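What follows is one structure encoded as structure tokens, with my remarks underneath.
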Amino acid sequence: MGEFVLKARDLNKSYIQRSGRFGFGTTKVKALDNVSLDLKHGSTLAVVGESGSGKSTLARCLLQLQPLDSGSVLFQGRDLAELPAHELREQRRHLQMIFQDPFASLNPRMRVGEIVGEGLLIHRLGNQEEQRERVVQILKRVGLSEADMLKYPHEFSGGQRQRIGIARALVLNPKVVVCDEPVSALDVSIQAQILLLLKELQQEMALSYIFISHDLRVVRHVADEIAVMYQGKIVERGAIDDIYRSPSQEYTQNLLKSIPGQRALALSN
Amino acid sequence: MAHLLNIENLTITPVNAPNRKLVNQVSFSIEPGKTTCVVGESGSGKSLTALSVMGLLSDQLNRASGKVEFQGRDLAKLSADEMRQIRGRQIGMIFQEPMTSLNPVLTIGYQIGEPLTVHLGLKGDALKAKVANLLEQVGIPPHRANSYPDELSGGQRQRVMIAMSIACQPAMLIADEPTTALDVTVQAQILSLLNDLKQTMNMGMLLITHDFGVVADVADHVVVMFRGDIVESGSVADVLGKPKHPYTKALLDCVPDAEGRKPLKPIDYAWLNDGKVA
């Protein structure tokens, strides 16, 4: 196994969008335009860009939740698109996702225990007792309790729900976790808790993260490497310190200049 | 000097639970040409404070005590009609969601023109010219007046909201998380637009946000709220540079800095609950 756990090569994906008066016309939108990236073992690769830049499409395509027009995603050296269905399902336990909206991404009719345990059930890991133990263990790890298993998502706050989403993603001991704006719906104080939790879990479980975000302050704290997307293309990528210190592309420079709070920096220095 | 807006001991409670204070004895004021930022987490009472200034509190909530004075007039003593004269004319308001606060079946030109017709009686060519002028002021090409909201991007819709709220040259603008739903680059544009307008029109601004970065960029005065109480207020340099209250310090500690030098520190609520925060 090489240095990289996940490699994407020349991903292309476009959508046909209705346009014009009453939507009778069509426009082709390139959501991914020859996107390539490499995710190192145990590291975090941040993908940043504005809305419409193709970050979320990238997330979904990497996990084969959406078919690509062309290009390949290699997980531990194997092309996911070429795997037979049952093998792809097998691999999916290693590829998990944490979603942005903690209110929309949990089934309101399922109990937390069922939500978190569903993956174990589908992948037939352990007997009932073992599955239960594993669910309790991961819930405790993310800061919830055994009693929470019987509750429904609406009984939790936004931050707690995001913890449930994290538990659901990590219960199968995945290798790669795609985090799609995991903290952008949360208050700053809760955001800090969740970011620290994600960092701790990364070390304990040797996780590799693809961290999708539009907040460059957050990215600075979690990422090792960064890829900047603009209109479906990766316009710049590299080690986090290099990009923040000396961005080479005008678009990246603009993004960095737009971070609010520059005046505070001036005040404190 | 008389304040533009003066809030004194404002307390808001639910009608059916008069002892639960959602906003507790809140006092602060706003000066012409200055921006006051109210910062806090969800549930701290910042939006309720703004809504009660506009007289838009839900029926389920009750203004238990306190006074809101605008240009020396007590807003609670005004009739519904008089309040309507002030809302949109003297005080403009921008809401958080540019996607949901515009009417989808009316052109943006019509929506920007409506307050001008209602409050100032503008009609015909004069109205058209004024709307074009407002669009230009917020950086939208005037020919877009005939567009519907769904034909605009999020940033453009927020600009339309701003154009609507400043149409009648209000003395004060209330903006409730005006940039939270927007991209950083658009956010920077909107904030500098608001700053320019504030200066050219000498508008007082009440800006509600939970983003300390935004506060640092636009505020003159900062009010920090926690669970209905004001825990600290002062000039932006004092509150951000030398925070006195432990909650303010804790809140500042969980904001990630763009340098990545400072470790993140979540708020220890257990410690705050111990009654150390009064």
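The values are calculated or read from the model by the stated rules, or taken from the named source; none is laboratory data. Because the structure is a prediction, the values reported are computed rather than measured. Positions of Cβ are backbone-derived with ideal geometry, glycine not excepted, and every protein chain shown enters the neighbour counts.
Some points to look at:
- Segment A:79-136 - residue that is among the β-branched types (Val, Ile, Thr) and part of a helix (DSSP H, G or I) and, of those, nearest to A:THR44 (Cα to Cα): A:VAL116
- Selection status of A:ALA223, of a type outside the set (D, E, K, R) and either crowded, with 20+ Cβ neighbours inside 10 Å or touching a residue at least 40 places away in the same chain (Cβ under 8 Å) (or both): yes
- No other residue among B:GLN137, B:GLN111, B:GLN158 is under 19 Å from the mean Cα position of the chain (by Cα) and not assigned by TED's automatic domain parsing to the domain that holds B:GLN25 apart from B:GLN158.
- Residue within segment A:191-203 that is buried (at least 21 other Cβ atoms within 10 Å of the Cβ) and away from chain B (no Cβ under 13 Å) present: no
- Residue within segment A:99-107 that is away from chain B (no Cβ under 14 Å), surrounded by fewer than 20 Cβ atoms within 10 Å (Cβ to Cβ) and not hydrophobic (A, V, I, L, M, F, W, C) present: yes
- Residues (within 20 Å of B:ILE91 (Cα to Cα) and assigned to a strand (DSSP E or B)) located in segment B:27-66: B:SER27, B:PHE28, B:SER29, B:ILE30, B:THR35, B:THR36, B:CYS37, B:VAL38, B:ARG63, B:GLY66
- Evaluation of B:MET83 against the conditions (1) touching a Pro at 6+ places or on another chain (Cβ under 7 Å); (2) closer than 29 Å to B:ASN195 by Cβ shows that the sole unmet condition is (1).
- Set A:ALA192, A:ALA227: member being in the same structural domain as A:LEU58 (by TED's automatic domain parsing), among the small types (Gly, Ala, Ser) and part of a strand (DSSP E or B): A:ALA227
- Filter result (part of a loop (DSSP other than H, G, I, E, B) and not hydroxyl-bearing (Ser, Thr, Tyr)) within segment B:107-150: B:GLY121, B:LEU122, B:LYS123, B:VAL138, B:GLY139, B:ILE140, B:PRO141
- Selection status of B:ILE140, within 23 Å of B:MET99 (Cα to Cα) and touching a Lys or Arg at 6+ places or on another chain (Cβ under 8 Å): yes
- B:MET161 passes every criterion in (1) within 14 Å of chain A (Cβ to nearest Cβ); (2) under 28 Å from B:ARG84 (Cα atoms); (3) surrounded by 21 or more Cβ atoms within 10 Å (Cβ to Cβ) apart from (1).
- Here B:VAL138 meets each of (1) under 30 Å from B:PHE226 (Cα atoms); (2) modelled with pLDDT under 90; (3) buried (at least 18 other Cβ atoms within 10 Å of the Cβ) with one exception, condition (1).
- Search result, residues across segment B:245-269 that are outside any helix (DSSP H, G or I) and under 21 Å from B:VAL218 (Cα atoms): B:CYS254, B:VAL255, B:PRO256, B:ASP257, B:ALA258, B:GLU259
- All positions within segment A:240-251 that are crowded, with 18+ Cβ neighbours inside 10 Å and either at pLDDT below 90 or away from chain B (no Cβ under 11 Å) (or both): A:ILE243, A:PRO247
- Of the numbered criteria (1) more than 9 Å from every other protein chain (Cβ to nearest Cβ); (2) assigned to a helix (DSSP H, G or I), the one B:LEU240 fails is (1).
- Per the conditions (1) assigned to a strand (DSSP E or B); (2) at pLDDT below 90, the sole criterion not satisfied by A:ILE259 is (1).
- Residues of segment B:77-106 satisfying the condition of being loosely packed, with under 13 Cβ neighbours inside 10 Å and assigned to a helix (DSSP H, G or I): B:LYS77, B:ALA80, B:ASP81, B:GLU82
- Which numbered condition A:ASP180 fails, given (1) over 14 Å from the mean Cα position of the chain (by Cα); (2) acidic (Asp, Glu); (3) surrounded by 21 or more Cβ atoms within 10 Å (Cβ to Cβ): (1)
- Inspection of segment A:198-214 identifies at least one residue that is assigned to a strand (DSSP E or B) and small (Gly, Ala, Ser).
- Being surrounded by 15 or more Cβ atoms within 10 Å (Cβ to Cβ), in contact (Cβ under 8 Å) with a residue 60 or more places away in the chain and more than 30 Å from A:SER14 (Cβ to Cβ) holds for only one residue in A:ARG132, A:ARG141, and it is A:ARG141.
- Checking each residue in segment A:66-78 for being in a loop (DSSP other than H, G, I, E, B) and either under 17 Å from the mean Cα position of the chain (by Cα) or of a type in the set (Ser, Thr, Tyr) (or both) picks out only A:GLN66.
- Subset of segment B:173-219 [more than 13 Å from every other protein chain (Cβ to nearest Cβ) and of a type in the set (S, T, N, Q)]: B:GLN199, B:THR200, B:ASN202
- A:LEU207 meets all of the listed conditions (1) away from chain B (no Cβ under 14 Å); (2) surrounded by fewer than 21 Cβ atoms within 10 Å (Cβ to Cβ); (3) in contact with a Gly (Cβ under 9 Å, 6 or more places away or on another chain); (4) closer than 25 Å to A:GLY159 by Cβ but one, namely (2).
- One residue stands out in segment B:169-198 among those that are among the hydroxyl-bearing types (Ser, Thr, Tyr) and assigned to a helix (DSSP H, G or I): the one that is modelled with the highest pLDDT, namely B:SER192.
- Meets criteria (polar (S, T, N, Q), touching a residue at least 24 places away in the same chain (Cβ under 8 Å) and in contact with a helix residue (DSSP H, G or I) (Cβ under 8 Å, 6 or more places away or on another chain)) for B:SER147: yes
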